[in-house]
Structure formats: structure tokens, C-alpha cells
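What follows draws every value from the coordinates through simple rules; no lab data is involved. Note that the structure is a prediction, hence the values are computed from the model and not measured. Note that we place each Cβ from the backbone using ideal geometry, even for glycine, and neighbour counts take in every protein chain shown.
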């Protein structure tokens, strides 16, 4: 009798742990997802022009199928999972800290755009645009314009040339702001 | 029988007659409509006896794309560029025809790929047909745009002396004074005219924009190699690869360099023409192969090198470079020649002397023996040493002495000693040095050292007079 009870407790504990693991997995995954989206990022006022210009762009849904990329798809590294989680935590904490310790109206966003290579990650671009490397001369612009990049003959990043990607006419929105 | 004879006679006459008629057009080709038009234009009296007006029809572009039919291109082009082409083949047929014959045309790089800009760019403009669309364009295509597909070439360029061409003028007070005060005579409106039509067209300029985003007429059009564009990028690829054909064969010919590297102060094209290399090019260059792939253009395609062969091409083991300073040992344009030893493109000594010489020797030895190459550089280096030590150093010593004693005029361009000093290094001295290092004997000697010795003697006379009399001579 006693023995059966103990077995039941152990089984119950295993089942409980399993449910807890699933629940926390769902909770973490959902939170990572929620905090990756523009709806979350725009909850800080200074991000408004970035999100408005994002919605105007191909990456923000202004395309025939309405497909969107999330903020962290581009603005956090995708080299590997730990680096991604760490990078997300780091930049989230940084933005939160700046938001409450600095006068954000004095930030020079145009100057920050000039060093865009530092906060837009090629590993993010290539997660979706992985077929670009396989482009052939039948699509000459995709082939020729990216050949030097994939052959490692240039230090340029994706956003060196694609200056406005993800945020169409962003200067207009920054001025309006 | 006589009847038969008569028939034969008739047939013979007919055959001869037909033969004559058939040959007639060849003897007098004036029957084709094309020539008729030309003839009538040339001799108006005959064609139009009533009017004396001469009417000559001229095609604006000989291989005009719309001469016979209109060009409709649909292969791999975006919709906007198709529209550009449909109008511009009438508006600017030369541009569309160049593009049609270009590599860009072959790989579907078209109007908007280079001229399209984002709405928020400072130089964003729209002409009437684009108003209401979100397409913005600019007449300015900076090297940063070319770099999108040609990053290695623009990076090479950014490390070369060419990068400095406009920036160095901006930074020099004496140069600004020469351009606006002396050449521009402080004119209240047009003191910049000499700079705009002269200096800028080789050196380049900082391109300014008006309130519409279009370049100002004072700073554009400009064919200078060191242009500074509104986005901050520096250079001008179309100087050597002229628009809109952007031809590798064109840039390999010495004429590509000749619109700037000429004249009294750096007669490089004249030196080349004077050299044995130039002689061979002039004699048979038109039969050579000019369009081999980059890094695959080798001796055999040509029998003598051009400027591009030695200074840029991937000849033998060498890689092609757009850094024209990379294969140089000396600075041959400064007041006194020194070996190159700087990584800063803004430095007059940009480059690496030892590496540069080693690379140039590899170029020479693609055709010549090591003994030939070594002897050539020995002769050239000796000429540089002679200029430095026997001409520039004594001239500079006299100049410094006169300056210290207050025996120089304030306006250097009204002072014979200072004008001679300027010519000694900037004109004759460069001709001697560059002629010597590039195999142009007439320039090394008659336009170089022969002139130098007379300039130096005259400077010494003026110097002695001023020291003895403690006064500047009066004209």
C-alpha cells in the first residue's frame, strides 16, 4: 500500500515537472516572441518613427503577401541560439536603461544611421535571404551585385548598400518626430 | 541569209544596250535616294533653283537607336527603367545607345539601378513624369553607388593618390588664393570661373545642391576624378570609363588618362607618345585586343603597354588594382622627390616605395629581361637624384635665404625669382623627372634638364643681385 503511494508520488512529481517544463517553455517562447515584435518595441516613445517607417517598408508588411520580419530578426544576431538570447537581453536592457536615464529627444538618429553596420546583423538577413548566395547569372543583379560579398572580397555588410532596408523614408519620419 | 544576219545584228545591239544600262548605276551612283539628298543639299542651286537656303539634314547620333525603329526592352528591367528608355531614346539618344552597347546593358543594370535614390536623400529629385510616384532619381551617381557591385575597385581607388585630387585643393590656402585672387582677379561675380572650367574638371570639386536637390551649375557638370558627392563618397569612375558605356577597353587606352595627364606641368601622355611604348601603340594599337577579361589582359593581346598596363592591370602574377599609387617608388610631382612611405591617401607620399618598385619591376619583366629592367631604373633614379640635389636643393636654399632677408615680393606671381622657382619644380622639374622615369627622352632632356639649367642660372643671377644690392630688381 505504502509502496504504491510512493510510486504514485514519484509519477505525479514527474508529470508535474513535465507540465512545468512545458509551461515555462511556452511562457519563455511566448515572451521572446512578444518582445521581438514592433508592438512591444514601440511601447517606448522614441521608437515611433522607426516603427512607422518599418510599416511603410517591404519588411514591415508593405508587400503583396503582407509578410513581416520582426525587429529582432534584423537587430539581434542570429549566429547561434545562446548569442541570440544574450544579444536580445543585452540590447533590451540597454534600451530600457537609456530610456529612463537619458533625454532621448537629444539623440542624433541620423548620426546613428551612419554606423548602421553595428546594429543590423547580416546573420539575420541571411536567415531569410539564404538563397541569394545561390543566385546565378540568370538573375544578373542578384548574382553580380552580391558576388564579391559571398566570396569574402569585401568587408561591406548588407546595410552598407541597403541603407534604408526595413525603414522606408526613415529620415522623413525622424524629421516629423 | 541576210535576214538571219540582220536578226543577229539586232540581238547584238540589244545585248550591248542592256549591258550598258545595267552598268550605268555603278558608274554614276547618284541615283540612290540617300546620295540624292546629300547631293541636293550640297548643290542647292541645282535642287532648289528658287531658294538660296542650304538645308542639311544631320542625324544627331550616327548609330541612333531610333533611326529606324523604337527600342522596346523588356528583358529583366524594372518598369520605371523601361519608361526611362522609351522617352530617353528620343530625348538623349546618345545615352541610351551607349547603354545599349555597354556591359551594364548586357547584364540588365539599367537607369534606376544607378540613378535611383531614396526619397530622403539630399539629392533626391523627380522630373515631371515621376511626380506622384515614390520613385526619386538624381543626375549624380557617386562612387558609393558603383561600389555596390564593384567594391574592390572603389576600395583600391580610396587608397590611391586619385582620391586626394579635389580634397587637396580645398585644404591649401595658397591654392585658393591663386584660383580666386590671381586667376579670378577677385571679380565680384565670376572669380571662380577659372577654377570651375579648369581645376575642377580634372581635380573634381565638392558638388553642391540647390534647394530642389539638383547640383548647382557652379559645381556641375564636372569631370574631375576626385569629386566629393553629397553622400560624402569621393571619386568619379566615369572619368576613365566614360558614361554611359563604361567600357573596359576605353579605360585601357592611354587616351583615358590623357584628358588630365598632359600639358606643361605633367605631360604624361606626351611622354608616353615620345616613348618606344607609345610609338608601337601609335603604329599598331588599333589591331590589338582590348577587351580581354580583367586580370587576363596580357602581353600578346598587345605588343607594348599603355598607362593602364603598367599602373593598374593584372599583368603576369600581379593582381589588377585601381590604386594607381600602388606600383610607384617615387613621388614625381612634389617639389623634391622622395620615396613613398605612407598609408594615408591624403599624403603626397602615399604608397610603399619598396613594394611599389618590386611590383613595377614585375610589370617590366613581363616583357623585358631583369638586366634591362635594372638598367632602366638605374638611369631613372640617377635623374631624380640629379634633380633633387643639383636643382631643387640649391633653388630652395636661395629662396629661403631671400625670404629670410625680406627680398621676396609679397605677390609671388609678380616676382621673377618666385615664378622661376615655381616653374623649376612644377613644370621643368616634373618634366625632367617624369620623362626620365617613363622613357620619354625629349621631355627628360629638352623640355626638362635643358630648361632646368637655364632657370637655375637665371635664379642665381637674380639671387646675387638681390643680395649684393639688398633690394629687389626693378623691371
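Can you give the average number of partner chain beta-carbon atoms within 10 Å of each beta-carbon in peptide A:164-172, as a whole number? Don't skip to the end; give the middle numbers.
Numbers: counts 5, 0, 0, 0, 4, 6, 3, 5, 3.
Average neighbour count from other chains, rounded to a whole number: 3.
Rounded to the nearest 500, what is the 222 nm mean residue ellipticity of the protein assembly as shown from helices alone, with -39500 (n - 2.57) per DSSP H run of 4+ residues and division by all residues? If you can, show how the numbers build up before the last one.
Details: 34 runs with 311 residues, N = 652.
That comes out to -13500 deg cm²/dmol.
Taking Cα atoms only, the orientation of helix B:2-27 departs from the longest principal axis of chain B by about 30 degrees.
Only bridges whose two residues both fall in the protein assembly as shown count here: according to DSSP, what percent of them are antiparallel, nearest 5?
Numbers: 8 of 11 bridges.
Counting DSSP beta bridges with both partners in the protein assembly as shown, the antiparallel share is about 75 percent.
Peptide B:147-155 is shielded by partner chain Cβ atoms: per residue, an average of 5 of them sit within 10 Å of its Cβ. Residue ranges A:100-107, B:306-313 sort as B:306-313, A:100-107 when ordered by packing (mean number of other C-beta atoms within 10 Å per residue, highest first). The residues A:122, B:414, when put in order of fewest to most other Cβ atoms within 10 Å, stand as B:414, A:122. Centre-to-centre separation between the Cα atoms of segment B:319-365 and those of segment B:396-429: 29 Å. Each principal axis of the Cα cloud of chain B was evaluated for its coordinate range; sorted largest first, these ranges are 118, 70, 58 Å. Rounded to the nearest 10 degrees, the angle from helix B:79-91 to the longest Cα principal axis of chain B is 80 degrees.
Can you tell me, using C-alpha contacts under 8 Å and at least 6 residues apart, the relative contact order of segment B:72-138 as a whole percent? Kindly include the intermediate steps, with their values, before the conclusion.
Numbers: 57 pairs, mean separation 16.3, N = 67.
Averaging sequence separation for qualifying contacts and normalising by length gives 24 percent for segment B:72-138.
Separation of segment B:151-203 from segment A:156-177 is 32 Å, based on Cα centroids. If you build a Gaussian network model of chain A, linking Cα atoms that sit under 10 Å apart, which residue out of A:118, A:153, A:110 swings the most? Evaluated over chain A, the most mobile residue of the options is A:153.
Taking the centroid of alpha carbons for each part, segment A:49-105 and segment B:267-284 are 60 Å apart. Computed packing ranks the peptides B:151-159, B:385-393 as B:151-159, B:385-393, most packed first, by mean other Cβ atoms within 10 Å.
For chain B, what relative contact order do you get, as a whole percent, if you take Cα pairs closer than 8 Å and at least 6 residues apart?
Values: 644 pairs, mean separation 47.6, N = 475.
The value is 10 percent.
Quotient of the Cα radius of gyration of segment B:72-138 and 2.2 N^0.38 Å, N being its number of residues: 1.11. Entry note, chain A: relative contact order of 27 percent, from Cα contacts under 8 Å with a spacing of 6+ residues. Rounding to the nearest 10 and keeping the result within 0 to 90°, find how far the Cα-based axis of helix A:2-34 lies from the longest principal axis of chain A. With both axes taken from Cα atoms, the answer is about 10 degrees.
Placing one identical point scatterer on every Cα of the protein assembly as shown and ignoring solvent, what is log10 I(q)/I(0) from the Debye formula at q = 0.07, 0.09, 0.12 Å⁻¹? Per q value, in the given order, log10 I(q)/I(0) is -0.70, -1.00, -1.36.
Sorting the segments B:445-456, A:14-25, B:225-236, B:361-372 by their residues' average number of neighbouring beta-carbon atoms within 10 angstrom, most packed first, yields B:225-236, B:445-456, B:361-372, A:14-25. Per residue of peptide A:140-148, the mean number of Cβ atoms on other chains within 10 Å of the residue Cβ is 5. Each DSSP beta bridge with both residues in chain B is either parallel or antiparallel, and the antiparallel ones are about 75%.
Counting pairwise Cα distances across segment B:218-278, what percent come out greater than 17 angstrom? Mind showing how you got there, number by number?
On the way: 938 of 1830 pairs.
Above the 17 Å cut-off, segment B:218-278 has 51 percent of its Cα pairs.
Binning the alpha carbon pair distances of chain A at 5 angstrom intervals from zero yields the distribution 1, 7, 11, 16, 17, 13, 9, 7, 5, 4, 3, 3, 2, 1, 1, 0, expressed in whole percent.
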